[in-house]
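The numbers here are math on the coordinates, done by the rules we state, and not lab data. Model, not experiment: these values are computed from the prediction. Cβ: placed from backbone, ideal geometry, glycine included. Neighbour counts: every protein chain shown.
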Amino acid sequence: MARWAWDNQEAAIAAAHDKLDWIISFLKGKVMASFADIQNAVTAETTVEQSVLTLLNGIAAQLATALAAGGTPAQIQGVVDALNANIAAMQAAVTANTPSAPSPAPAPATP
């Protein structure tokens, strides 16, 4: 009778081991997918940041050129108008491409 109890324990341990292996494999897949998502988001953000810096540097150069050339108020106003148009376009792009906050994950069911 003692041998039967040991056999059942071995089977239960083996089943638990199999379940843990499955859970670990499942979680690894989730973590790797999340890591890839983070890498993609960082790349996209870096691209956007570089574009904004290029835009700002270009505007600064345009203003410096207009001022150095003895720019008229109309020339400087043209640069300001271009800046305002770029700001509006950037605001629209950020709004359109900003995902809404994700819903919180449901609490795990308790056995």
* Enumerate the calculated ³J(HN,Hα) couplings along region 44-49 in order (Karplus 6.51 cos²θ - 1.76 cosθ + 1.60, θ = phi - 60°), each rounded to whole Hz, writing x wherever the residue is Gly or Pro. => 5, 5, 4, 4, 5, 4
* Structure fact -> Taking r as the C-beta separation of L55 and K28 and R0 as 41 Å, the FRET efficiency to the nearest 0.05 is 0.50
* Asked: For region 63-75, what does the Karplus curve 6.51 cos²θ - 1.76 cosθ + 1.60, with θ = phi - 60°, yield as ³J(HN,Hα) per residue in whole Hz, taken in order and with x for Gly and Pro?
  -> 5, 5, 5, 5, 5, 5, 7, x, x, 7, x, 5, 5
* Asked: Each label point is 7 Å from the Cα along the Cα-to-Cβ direction; what then is the distance between the points at E10 and T43, in nm?
  -> 5.1
